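Only one structure is covered here, and it is reproduced in the block below.
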Ligand SMILES: Cc1cc2nc3c(=O)[nH]c(=O)nc-3n(C[C@H](O)[C@H](O)[C@H](O)COP(=O)(O)OP(=O)(O)OC[C@H]3O[C@@H](n4cnc5c(N)ncnc54)[C@H](O)[C@@H]3O)c2cc1C
């Protein structure tokens, strides 16, 4: 039996994005010895890329806002697939979490009277997103790190967890390697919180960072935890489409929140042509009313560009397919037009959307204060993830918690923009709190060293096969192309079946992947190890996509274009069967209480 350095914690947090840091702060504040493992350097987690803001019904800009409206918006946006308890907790607790972040040093944009400024975003009835220009994620990470670093939390940067360790049914730690030297690390913990983010790297066109290889989803699934709602993948309507090297990079919804409009190649604002019935009463009738809305006129309704992401993405797709797209396969997003309305539009755009201004100037040589951008849908967010209990964030494996994008429940079939950053704070805190509580109540479990040794042996096999064996990058690329083409924004059964066949072949090839060189910073090796997670989760997305025979939220079936009353009642729960294969069950959606039903009806 090999020997590995062992790190002992009460609570081990995997991930140093918003959810992981908030969980670690809470666990550590309650006296638990806390460690954080992150694949990248501290400060580089994907959350740092978040732009538009965090949603919290503080009512600073429109005092009609309150938790009930936020709750109803979240449920409608998620097409009632949400765990309503999580949506309730989120709407109630987000304002306190934002104010707490401010007390810890976050410098938000301000209203004229000094309150935290809130901006419009798709699907939110009132201006609700607390923000720092279009760099909100950076401010969030900076603040959480500053706060957390002084609490004695231990960080393991550039370390990747390969497997979770169990003692019987209970999770008791994790095993992985450090990327810098390629040496193994063993973590013995009384409770583990997964906060590993999303799955976007399973697709070819994505706004997601390199870290998003579905690790947490696969770690939990392989450890016996159930996943939920994996068919619901969000394709954000506005990613860059040109030049090719930057395809997929996000263009924040904040552009539309500040008055940006979508046009086809004929200059037509096509979003007015397709307003879903359940949003009609909340949507502007004319461009003039839409403009008044983004300027803060409380009597106006929001422009159709601020409908939910799933809908806007499909409308863009339709324009492109009908031959009315832009030269590079997208449509136009125009914020420059506001010069007709605002004499200081150039300064205004640069102040409100500084990152977007620089992003287009530097990457596409385009001045967004003068010209429209070319944009198209990009894989953005996984609504599905690890099934958790709403209050505590514990998964179906005792001692294993999950928070942030890798957890499921809050967003249902479609996430509203801004609801992720608030999700990280609300449920990161809860996961940390309950993981610490769990740790206090239990002794340390026993590590299964045989499992550790097998994992280490398997992890080193790509070196034994050598560089002449299967190329891990080629396998990853083929997977991404297949998922994009066959399990993308518009799905049909035979294409998803085809994806499953391809994935099965890619799994065999991935098992033969080899690498040359040594263990220090070997990206080929890292990719070979990530493949298993990407393939496992891609298969599950395709299976769940086939099972849900209807169109809802992020899941659009060309062969079942309508919503179905039967599927309206169920979430899809996937766990590993005794034969090692994914097992899908239909489980009833968490029922609404009387009060929550009223909260929804009040907004109709
Ligand atoms: C460009 C962009 C802009 C966005 N803007 C907004 C916005 O304005 N508002 C909003 O609400 N949402 C926004 N989102 C979504 C939001 O940013 C993410 O959903 C959120 O940041 C995810 O946070 P997280 O803490 O769950 O994960 P992350 O921030 O991604 O952190 C994941 C962590 O897990 C670590 N990790 C992963 N796997 C392993 C492993 N195997 N071992 C060890 N560590 C591991 C990573 O290294 C990282 O530290 C945006 C997303 C993008 C792409």
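The values are calculated or read from the model by the stated rules, or taken from the named source; none is laboratory data. Remember, it's a predicted structure, so these values are computed and weren't measured experimentally. For neighbour counting, all protein chains shown are included, and Cβ atoms are generated from backbone atoms with ideal geometry for every residue, glycine included.
Data for the structure
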| read-out | value |
| --- | --- |
| Hits in segment 589-604 - residues which are under 16 Å from residue 77 (Cβ atoms), part of a loop (DSSP other than H, G, I, E, B), out of contact with any strand residue (DSSP E or B) (no Cβ under 8 Å at 6 or more places or on another chain) and modelled with pLDDT of 95 or more | 592 |
| Index of the failed condition, residue 407 passing every other in (1) closer than 23 Å to residue 592 by Cα; (2) away from the ligand (no atom under 16 Å from the Cβ) | (2) |
| Residue match in segment 313-320 (condition: free of Cβ contacts under 8 Å to residues at least 24 places away in the same chain, assigned by TED's automatic domain parsing to the domain that holds residue 242 and more than 22 Å from residue 381 (Cβ to Cβ)) | no |
| Counted residues, segment 36-49 - those being near the ligand (Cβ under 6 Å from one of its atoms), in contact with a strand residue (DSSP E or B) (Cβ under 9 Å, 6 or more places away or on another chain) and in a loop (DSSP other than H, G, I, E, B) | 2 |
| Members of segment 99-127 found to be at pLDDT below 95 and not in a loop (DSSP other than H, G, I, E, B), listed by number | 119 |
| The one condition in (1) surrounded by fewer than 19 Cβ atoms within 10 Å (Cβ to Cβ); (2) closer than 27 Å to residue 275 by Cα; (3) out of contact with any strand residue (DSSP E or B) (no Cβ under 7 Å at 6 or more places or on another chain); (4) modelled with pLDDT of 95 or more that residue 318 fails to fulfil | (4) |
| Number of positions in segment 488-524 that are within 20 Å of residue 176 (Cα to Cα), part of a helix (DSSP H, G or I) and touching a strand residue (DSSP E or B) at 6+ places or on another chain (Cβ under 9 Å) | 2 |
| In segment 102-136, the residues that are over 23 Å from residue 301 (Cα atoms) and touching a helix residue (DSSP H, G or I) at 6+ places or on another chain (Cβ under 8 Å) | 104, 105, 106, 107, 108, 132, 133, 134, 135, 136 |
| Test: residue in segment 211-233 that is in contact with a helix residue (DSSP H, G or I) (Cβ under 7 Å, 6 or more places away or on another chain) and modelled with pLDDT under 95 | yes |
| Top-ranked residue in segment 128-155 [being assigned to a loop (DSSP other than H, G, I, E, B), touching a residue at least 24 places away in the same chain (Cβ under 8 Å) and more than 14 Å from the ligand (Cβ to nearest atom); ranked as surrounded by the fewest Cβ atoms within 10 Å (Cβ to Cβ)] | 152 |
| Qualifying position, being more than 16 Å from residue 19 (Cβ to Cβ) and near the ligand (Cβ under 9 Å from one of its atoms), among 214, 159 | 159 |
| Matching residues in segment 54-93 - criterion: being closer than 15 Å to residue 426 by Cβ, within 16 Å of the ligand (Cβ to nearest atom) and not in a strand (DSSP E or B) | 56, 57, 58, 70, 74, 82, 86, 87, 90, 91, 93 |
| Members of segment 248-277 found to be in contact with a helix residue (DSSP H, G or I) (Cβ under 7 Å, 6 or more places away or on another chain), more than 16 Å from the ligand (Cβ to nearest atom) and assigned to a helix (DSSP H, G or I), listed by number | 270, 271, 272 |
| Filter pass, residue 399 being touching a helix residue (DSSP H, G or I) at 6+ places or on another chain (Cβ under 8 Å), in contact (Cβ under 8 Å) with a residue 60 or more places away in the chain and away from the ligand (no atom under 11 Å from the Cβ) | yes |
| Failed item in (1) closer than 22 Å to residue 382 by Cβ; (2) away from the ligand (no atom under 14 Å from the Cβ); (3) crowded, with 22+ Cβ neighbours inside 10 Å, with residue 204 passing the rest | (3) |
